[in-house]
1. State all residues of segment 169-214 that are within 12 Å of the ligand (Cβ to nearest atom) and surrounded by fewer than 24 Cβ atoms within 10 Å (Cβ to Cβ); if no residue qualifies, say none.
2. Scan segment 277-302 residue by residue and report those that are open to solvent by 10 Å² or more (accessible area, probe 1.4 Å) and among the aromatic types (Phe, Trp, Tyr).
3. How many residues, within segment 245-285, are acidic (Asp, Glu) and within 15 Å of the ligand (Cβ to nearest atom)?
4. What is the number of the single condition among (1) over 22 Å from Val87 (Cα atoms); (2) touching a residue at least 12 places away in the same chain (Cβ under 8 Å); (3) away from the ligand (no atom under 12 Å from the Cβ); (4) part of a loop (DSSP other than H, G, I, E, B) that Gly145 does not meet?
5. Give just the number: which of (1) away from the ligand (no atom under 16 Å from the Cβ); (2) buried (at least 21 other Cβ atoms within 10 Å of the Cβ) does Gly229 not satisfy?
6. Give me the pairs, please: first residue somewhere in segment 148-171 and over 26 Å from Gly341 (Cα atoms) and assigned to a strand (DSSP E or B), second residue anywhere and open to solvent by 10 Å² or more (accessible area, probe 1.4 Å) and at pLDDT 95 or above, beta-carbon distance under 6 Å, and either six or more positions apart or on two chains.
7. Could you tell me whether any residue of segment 155-168 is open to solvent by less than 40 Å² (accessible area, probe 1.4 Å) and more than 30 Å from Pro249 (Cβ to Cβ)?
8. Go through the residues of segment 250-257 one by one and say whether even a single one is more than 26 Å from Val19 (Cβ to Cβ), open to solvent by 20 Å² or more (accessible area, probe 1.4 Å) and either among the small types (Gly, Ala, Ser) or touching a residue at least 60 places away in the same chain (Cβ under 8 Å) (or both).
Amino acid sequence: MKIVYSDQHQDHDPQQFIVRGRLKRSNEQPERAYRLLASAQAAGHPVLAPEDHGAGPRAAVHTPQYLHFLETAWARWQALEGASDEVMPNVYPFPGQPCSYPDSLVGQAGYHMGDNACSIGQHTWRAATQSAQVATHAAQLVLDGEHAAYALCRPPGHHAYADRANGFCYLNNAAIAAQHLRQRHARVAILDVDVHHGNGTQGIFWRRNDVLTVSLHGDPHFCTPFFTGHAHERGEGDGLGYNLNLPLPKGTDTPAYLQALARACTAVRAFAPGALVVSLGLDAHERDPYQAMAVTTEGFALITAEIARLGLPTVLVQEGGYLSDDLGPNLASALRGFEAGV
Ligand SMILES: [Zn+2]
């Protein structure tokens, strides 16, 4: 399977991440991508650099106001007296209350950054836009006839909304890939197997019936992002019935995961899409630092083999999966499983 990868992420290395009240370096580090790349290369998959698909693909998913903020925020932040090296919000709008777009950059940061896990540094814009190019190029390969392609995206994307960064994510790579595939296919499905709810993806397609969004994830009763991911969230308006959440208990093992995945695949088949995007998180692994689920390394091969049996042109987009000695082997297993299941 062709791998698309850009090294333009490497200077994006957020140092400001608040966990349980403590400031620390982000878990989303360049080393993640190095390990994933090394594993894919060792398994013999050819690696391609993305072509430049321009600003169109990200503009098809994200608002102009948000893209402008993301591109300019770091330089503007540096002009604030006493500002930190990275943009991080300290005020937020209240859901359901009157909210006007703020003139102040500090206010804009709260408007466009949903949590303290997506600080913006000098190189964040370049890394995020290149990551989106990686996803777009993988989608283009599939449009050009590849049955499947893997986008080694960093930073990840599935927590990013149309106008809001969130959870290590800035641009929603999976959504951008799906929208790119819509050029050819009337219906596209996104299947999210990251251990965290794909809240940004859900939000982007919430009112649409041309892109089915399905997410398997840790139940929001115990797992971030907490506010979303419940089974009763099914979309609204034209999108009602085109969002499926399958929240799973803490410690879910491979057999139980595969049972839920069968439900997800049934929904995808019923939708009859022309193409599929997989938000491929590897953080459901039993030794991932998040410790939310207990999927084994071999389990990822079983998961992707089941997905491959959908028989759809597929773009696999890297999402989470954090530093452990299992990260590289988990990707190798996932890619092997997909190819075996085709
Ligand atoms: Zn995750």
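The values are calculated or read from the model by the stated rules, or taken from the named source; none is laboratory data. Quantities reported herein were computed from a predicted structural model and do not represent experimental measurements. Counting neighbours? That spans all protein chains shown, and the Cβs are built from the backbone with ideal geometry, glycine included. Just so you know, the surface numbers come from the protein's heavy atoms only, side chains and all, with ligands and any DNA or RNA stripped out. Shrake-Rupley method; radii C 1.70, N 1.55, O 1.52, S 1.80 Å.
1. none
2. Hit for segment 277-302 is Tyr290, nothing else.
3. 1
4. (2)
5. (1)
6. As it stands, the answer is Tyr161/Gly203; Arg164/Gly114; Asn166/Gly114; Asn166/Asp115; Asn166/His159; Cys169/His159, since those pairs meet every condition given.
7. Yes.
8. Yes: one or more hits.
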